[in-house]
Amino acid sequence: MRTFADKFFKMNRKNTYLLFACLSLAFAALMSLPFIVPHTGFLALFGLLPLLMMDRIATLSGTRHFWIWHYLSFVLWNAVTTFWVCNATVGGGLFAVFANALQMSVIFAAFRFSKKYFTGALPYIFLMVMWIAWERAYFDVDISWPWLVLGNAFAGSIKSVQWYEYTGTLGGSLWIWLSNLSVFGLLVALSDGRWAMTFNRKAKAASVAGCLIILAAPFAVSHLIYASYEEKEDPLEVLIVQPNIDPYNKFQAMTQKEQNALFLSMAEKALSDIRRDSTAAGPLLLLAPETFTNDVVTNDPGYSRTLREFVSFLQDYPGTNILFGASSRTYIDSAVRPSYTARQIRDGRWVESHNSALMTDASGRTEIFHKNKLVVAVEMTPYPAVFCRIDDMLGGVMGRCVGQDSISVLHVRAADGSVIPAGCAICYESVYGEYYTGYVRKGAEVMTVITNDAWWGNTPGYRQHLRYASLRAIETRRSIARCANTGISAIIDQRGEIVRSTSWWKPEVLSGTINRNDRMTFFVRNGDVTGKVCTFVFWLLFAALAVRILTGNRSRSSESAAGARRGR
């Protein structure tokens with residue numbers, strides 16, 4: 001009986017490479033569509049199959065330099081899904097695509113190497129836990145770009161992953177790997193003849209049933225959770241102002257005074273339809289986008305003309321709070337450089353920059369939070385002890401924002417003195433699931449996201465970013481008021497549903513309510529258990545692999561395959 005594998009040994013090199021090219025394109029398409037097209041997350045459950053098939057064909061046929069093909073596949077996936085980064089910075093976009101693909105390719109190469117020492121399903125388990133361990137580690141390094149974490153593929157398919165409140169996004173990564181590997185296992189059994197020759201009826205039934213359970217059970221569980229979840233009616237009024245200011249010409253087209261006037265005129269018009277003239281009125285949160293102003297000095301917040309104008313405006317609206325973004329700065333007097341990130345203004349005078357969120361009300365009280373998860377190069381210099389010195393030699397071309405050491409929450413105050421703790425994730429921070437839970441652990445009963453997505457233009461980027469906020473809502477079961485400079489601003493409920501939203505590149509005001517919640521989900525209480533367990537298993541397998549390498553204990557299958565190739 002001629003098997004599928006036997007037929008591939010007869011393929012010539014040209015036909016093999018043509019098949020690799022087709023499988024590479026199939027992989028890129030299946031893995032990119034879930035990030036671009038809503039409700040297509042299920043494709044990721046099969047998206048890794050072309051890559052696994054390529055690996056098997058390469059192994060059986062003895063293809064040399066196969067790393068080129070899996071690296072090309074990862075480059076295509078990264079490019080199709082995140083090409084829009086180049087709209088903001090061509091160099092940064094190209095680096096993100098090729099460097100991220102390289103890391104993925106190194107993981108896949110380590111998997112292929114492990115097959116010399118591991119047998120059966122063990123190399124594939126090693127690949128799965130190694131990938132998820134890498135995703136978890138990627139959240140915490142200085143040069144961090146976790147946009148394509150596999151679990152994010154379901155950001156546009158939230159009814160499928162309501163169980164993220166237990167596992168977080170890496171639970172989705174685990175589901176994708178288990179689904180792909182289980183289907184791949186069946187295909188291998190069919191291709192090499194084991195299905196017909198060695199599987200009895202019970203084994204066949206168990207294999208198919210197991211595969212179907214892995215594929216279908218999470219969908220069923222999620223839809224049950226979605227249907228049964230109810231939010232407690234405890235609303236906070238929100239008013240989200242989307243001023244629609246072109247970030248590339250922010251101060252060339254309009255002065256800060258004019259931008260403040262635009263924001264306040266839009267807010268005043270909307271507030272005229274809301275009862276704000278009585279101290280009996282409940283609290284209202286008014287939002288402005290990320291980096292709305294650049295005149296905030298943390299040493300002296302009252303210096304800010306924007307803040308003074310906002311406090312003056314709020315005198316007519318008791319119980320109204322304004323949360324707004326600012327490019328702020330801190331001045332430091334020191335004879336020597338106080339930190340690697342500080343820039344010198346003159347002798348003995350230094351400045352540090354921040355991307356901040358401020359909360360204020362009619363009393364003038366001011367709370368401030370500095371963004372911690374900063375965009376590499378644009379906002380922060382990674383590993384500052386090394387790269388700040390290089391940046392100094394280059395004339396200071398990289399961003400050097402400084403974030404807070406730990407998360408803090410802001411507070412919405414009502415006219416009667418009652419307080420609602422609110423978290424504010426600034427732009428990129430809404431991509432980091434476990435980090436985001438820190439706001440809830442600090443007491444946030446509602447969440448806000450302020451952002452400025454216009455740098456990417458009218459591309460899938462800002463839509464992907466919006467959908468990631470839905471995943472954070474599910475993981476924490478916190479409603480979100482999202483304010484974007486040019487769109488899309490939105491109100492998101494605790495099931496991750498976008499209840500109301502604005503248009504792209506259009507000045508709009510969005511009003512509504514978000515419900516408070518003081519319950520902590522399993523994911524918030526316990527953190528990323530999926531990532532921790534997979535990381536632990538990875539280190540165990542890595543240690544086992546190291547022992548086998550040191551003892552020269554190669555797998556028999558790899559030796560047989562090598563001998564067969566030499567024989568051919």
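Before moving on, here are some points about what is shown:
- Count of segment 531-549 residues which are in contact with a helix residue (DSSP H, G or I) (Cβ under 7 Å, 6 or more places away or on another chain) and open to solvent by 30 Å² or more (accessible area, probe 1.4 Å): 2
- Filtering segment 376-394 to residues that are within 11 Å of Thr341 (Cβ to Cβ) and of a type in the set (Ser, Thr, Tyr) leaves only Thr381.
- Those residues of segment 32-77 which are more than 21 Å from Arg112 (Cα to Cα) and in a helix (DSSP H, G or I), in sequence order: Ser32, Leu33, Pro34, Phe35, Ile36, Gly41, Phe42, Leu43, Ala44, Leu45
- Of the residues making up segment 431-453, just one is surrounded by fewer than 24 Cβ atoms within 10 Å (Cβ to Cβ), of a type in the set (Phe, Trp, Tyr) and not in a loop (DSSP other than H, G, I, E, B), namely Tyr435.
- Residues of segment 36-58 satisfying the condition of being farther than 17 Å from Asn15 by Cβ and open to solvent by 20 Å² or more (accessible area, probe 1.4 Å): Ile36, Val37, Pro38, His39, Thr40, Phe42, Leu43, Phe46
- Residue under evaluation Ala415, criteria (1) open to solvent by 20 Å² or more (accessible area, probe 1.4 Å); (2) small (Gly, Ala, Ser); (3) modelled with pLDDT of 90 or more, criterion not met: (3)
- Ala99 being in a helix (DSSP H, G or I), modelled with pLDDT of 95 or more, surrounded by fewer than 18 Cβ atoms within 10 Å (Cβ to Cβ) and in contact with a His (Cβ under 9 Å, 6 or more places away or on another chain): no
- Search result, residues across segment 238-265 that are open to solvent by 30 Å² or more (accessible area, probe 1.4 Å) and part of a helix (DSSP H, G or I): Tyr248, Asn249, Lys250, Phe251, Gln252, Ala253, Lys257, Glu258, Ala261, Leu262, Ser265
- Among (1) in a helix (DSSP H, G or I); (2) closer than 29 Å to Ala414 by Cα; (3) not acidic (Asp, Glu) - the single one Lys232 does not satisfy: (1)
- Hits in segment 418-430 - residues which are crowded, with 22+ Cβ neighbours inside 10 Å, among the hydrophobic types (A, V, I, L, M, F, W, C) and within 22 Å of Arg516 (Cβ to Cβ): Ala422, Cys424, Ala425, Ile426
- Filtered by the rule that a residue be farther than 14 Å from Ala543 by Cα and assigned to a helix (DSSP H, G or I), segment 112-122 gives Arg112, Phe113.
- Flag: Lys204 does not match the condition of being open to solvent by 70 Å² or more (accessible area, probe 1.4 Å) and among the basic types (Lys, Arg).
- Members of segment 172-197 that are among the small types (Gly, Ala, Ser) and in contact with a Phe, Trp or Tyr (Cβ under 6 Å, 6 or more places away or on another chain): Gly172, Ala189, Ser191
- Helices (runs of 4 or more DSSP H) (entirely within segment 123-198) containing at least 1 residues that are at negative phi, at pLDDT 95 or above and within 16 Å of the chain's Cα centre (by Cα): 164-167, 169-191
- Residues that are of a type in the set (Ser, Thr, Tyr), open to solvent by 30 Å² or more (accessible area, probe 1.4 Å) and more than 30 Å from Asp518 (Cα to Cα) do not occur anywhere in segment 218-233.
- Strands (runs of 3 or more DSSP E) contained in segment 281-398 and holding at least 2 residues modelled with pLDDT under 95 and over 23 Å from Ala88 (Cβ atoms): 343-346
- Gly172 open to solvent by less than 10 Å² (accessible area, probe 1.4 Å) and within 25 Å of Arg477 (Cα to Cα): yes
- Residue in segment 80-91 that is without any contact (Cβ under 8 Å) to a residue 12 or more places away in the chain, open to solvent by less than 10 Å² (accessible area, probe 1.4 Å) and in a helix (DSSP H, G or I) present: no
- For segment 402-427, a residue qualifies if it is part of a loop (DSSP other than H, G, I, E, B), small (Gly, Ala, Ser) and within 18 Å of His370 (Cβ to Cβ), and the qualifying residues are Gly403, Ser406, Ser408.
- Selected residue (criterion: surrounded by the fewest Cβ atoms within 10 Å (Cβ to Cβ)) from residues of segment 488-530 that are of a type in the set (Gly, Ala, Ser) and more than 19 Å from Ala155 (Cα to Cα): Ser503
The values are calculated or read from the model by the stated rules, or taken from the named source; none is laboratory data. What you are looking at is a predicted structure, and each value in this text was computed from that prediction instead of being measured. Here Cβ is always computed from backbone atoms with ideal geometry, including for glycine, and neighbour counts include all displayed protein chains. Accessible surface areas use protein heavy atoms only, side chains included; no ligands, DNA or RNA. Shrake-Rupley method; radii C 1.70, N 1.55, O 1.52, S 1.80 Å.
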